[in-house]
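S.K.: One structure follows; several queries about it will come next.
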Amino acid sequence: MKNTALTATHEALGAKMVPFAGYNMPVQYDGVNVEHEAVRTGVGVFDVSHMGEFLIEGPHALDLIQKVCSNDASKLTIGKAQYSCLPNDDGGIVDDLIVYRVKDETYLLVVNASNIEKDWNWISSKNDIGAEMRDLSESYSLLAIQGPKAVEAMQSLSSHDLSEIKFYNFVVGDFAGIEHVIISATGYTGSGGFEIYCKNDEVKQIWDKVVDAGAKPIGLAARDTLRLEMGYCLYGNDIDDTTSPIEAGLGWITKFSKDFTNSEALEDEKRRGPERKLVAFELDDRGIPRQGYDIVDSSGKTIGNVTSGTMSPSLGKGIGLGYVPIIFSKVDSKINIQIRKNAVPATVVKLPFYKG
C-alpha cells in the first residue's frame with residue numbers, strides 16, 4: 001500500500017483511512033454529509049495526490065496526444081486545460097484524463113490513480129513518433145481546493161488574482177509560499193475552486209496554509225457524492241474498457257475533425273446511434289441505489305445496471321447513473337431499480353442532479 005506525502009497528516013487529523021487504487025487514502029474525517037455540505041457552501045480541501053501525472057514533450061508531443069486522445073488538443077493554448085479520454089482499439093475507454101498545455105511543446109496529462117501503469121503502457125505503445133515521455137506520478141502531489149468560497153479564502157496565499165483564472169485555465173505561479181506550482185481552475189465537484197500541483201516535499205506547507213485559511217479537510221467519500229450530483233463519470237464505475245464514449249454521453253469530448261485511436265468505428269457508432277446509453281435517474285420512492293443493482297422494466301425484466309448510486313446529500317433522495325437501452329433513455333422515462341426484493345420506481349432526469 002502506497003502513502004501520499006500527507007498520509008501522516010490525515011491520520012493525525014483522525015481521518016478514517018482506506019485502501020484506494022493502491023494508496024492509503026482518507027475516506028472521511030467528520031462524516032460524508034458534513035464534508036459534502038462544506039464544499040457546496042464553503043471551501044474544502046482534498047488530498048488527491050494518488051492521481052498520475054505524465055509529461056509529454058518535444059516536437060512530436062501534440063502528434064502523440066492527438067493520436068491517443070479523443071478530444072482535439074490542437075485547440076489548447078498555453079495556460080488552458082481540456083477534459084479528454086483515451087479510446088482503446090475495441091470501442092471502449094482506457095481512461096479519462098485532463099490535458100494541460102504548459103509550454104509550446106510541453107503537455108501535462110493527469111490520469112486516474114488506478115490506471116497509471118496501464119495508461120503509461122498504452123500511450124507508450126502508440127508512441128512510434130519519438131515524443132518524449134516522463135512519468136512524474138511518484139514525485140508530485142495534488143490538492144483540490146473546492147467550493148464557492150475557494151477564491152475568497154485562498155486569495156491571500158497567492159500574488160495571482162485567483163478570480164481571473166477561468167474554468168479549465170491555469171497559471172504557473174506562487175501559492176502558499178511555494179514558487180512555480182500549477183494553480184488550475186479545474187475540479188470534479190461542480191462547486192468551483194482550484195487544483196494545486198506541487199512537489200511532494202512542498203505539499204505539507206501548502207496543505208497547512210490552505211487549512212489555516214479556512215478550508216475543511218474532505219475525504220474521498222464526499223468527493224464521490226459531489227461528483228455524482230454533477231453526473232461526472234467515474235472510471236471503473238460509469239466508464240471502462242467496455243463502454244464507448246458515445247454511449248457514455250462523452251460525444252462532446254470525441255472530435256472527429258482528426259484521426260485518433262479507433263476513431264472510424266466510434267464515428268460509425270455515433271452515426272448509427274448507440275444501442276444503450278448512460279442515463280441519470282432519481283428514485284421516486286425511498287431507497288438508496290448502489291453500484292451493481294439491476295435496472296428493471298415494468299414487467300421486472302433486467303434492462304441494465306446501476307454504475308454509480310448514492311443518497312444525494314443536497315437533494316435528500318436516491319440518485320444514480322446506469323446504462324439502459326435507448327428506448328428507456330429519454331428524460332422522464334420510467335424505470336425501476338431493484339433494491340433487494342423491491343423494484344423501486346425511478347425517473348430518468350437531465351444532468352446535473354445538483355443545480356446549485
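Where a number appears in this text, it was derived from the coordinates with a stated rule and is not lab data. Predicted model only: the values in this text are computed from it and were never measured. Don't worry about glycine lacking a Cβ; one is built from the backbone with ideal geometry, like all the others, and counts go over all protein chains shown.
S.K.: log₁₀ I(q)/I(0) of the range 234-349 at q = 0.19 Å⁻¹, via Debye over equal Cα point scatterers, no solvent, to two decimals?
M.R.: Taking Cα atoms of the range 234-349 as identical point scatterers yields -0.95.
S.K.: So, one more: Can you give me the Kirkwood hydrodynamic radius for the chain, using every pair of distinct Cα atoms, in Å to one decimal? Mind showing how you got there, number by number?
M.R.: On the way: mean 1/r = 0.0474 Å⁻¹.
Evaluated on the chain, it is 21.1 Å.
S.K.: Lysines near residue 103 by alpha-carbon distance under 17 Å, same-chain residues fewer than 8 away left out - which ones?
M.R.: Straight-distance partners of residue 103: 75, 80.
S.K.: Exposed loop trypsin sites (Lys or Arg not before Pro) only (DSSP loop, at most 16 other Cβ atoms within 10 Å): please give the longest stretch of the chain free of them, not including the sites.
M.R.: Values: sites that count: 166, 258, 286, 290, 301, 317, 330, 340, 341, 350, 355.
Answer from the scan: 1-165.
S.K.: In Å³ and rounded to a whole number, note down the convex hull volume per residue for the Cα atoms of the range 53-120.
M.R.: Working: hull volume 5.3 nm³, N = 68.
Per-residue hull volume (Cα only) is 77 Å³.
S.K.: Between 44, 52, 214, where does the largest GNM mean-square fluctuation fall for the chain, given springs only between Cα atoms within less than 10 Å?
M.R.: Residue with maximal mean-square fluctuation among 44, 52, 214: 214.
S.K.: Something else now. Within the range 238-286, list the GluC sites (Glu not before Pro) lying in a DSSP loop whose Cβ has at most 15 other Cβ atoms in a 10 Å radius. The partial results should precede the final answer.
M.R.: Values: sites: 247, 264, 267, 269, 275, 282; in loops: 247, 275.
In loop regions of the range 238-286 (DSSP not H, G, I, E or B), the sparsely surrounded GluC sites (Glu not before Pro) are 275.
S.K.: Treating each Cα of the range 119-203 as an identical point scatterer and ignoring solvent, apply the Debye formula and state log10 I(q)/I(0) at q = 0.16 Å⁻¹.
M.R.: -0.69
S.K.: Under 14 Å Cα-Cα from residue 341, which aspartates and glutamates qualify once same-chain neighbours fewer than 8 residues away are excluded?
M.R.: Excluding near neighbours in sequence, the set is 294.
S.K.: Under a GNM of the chain (C-alpha, springs under 10 Å), which listed residue has the highest mean-square fluctuation: 65, 319, 288?
M.R.: So, out of 65, 319, 288, the one fluctuating most is 288.
S.K.: Under a straight-distance cross-link criterion of Cα-Cα below 22 Å, which lysines are reachable from residue 149, leaving out those fewer than 8 residues away in the same chain?
M.R.: Hits, sequence-local ones excluded: 166, 204, 209, 216, 355.
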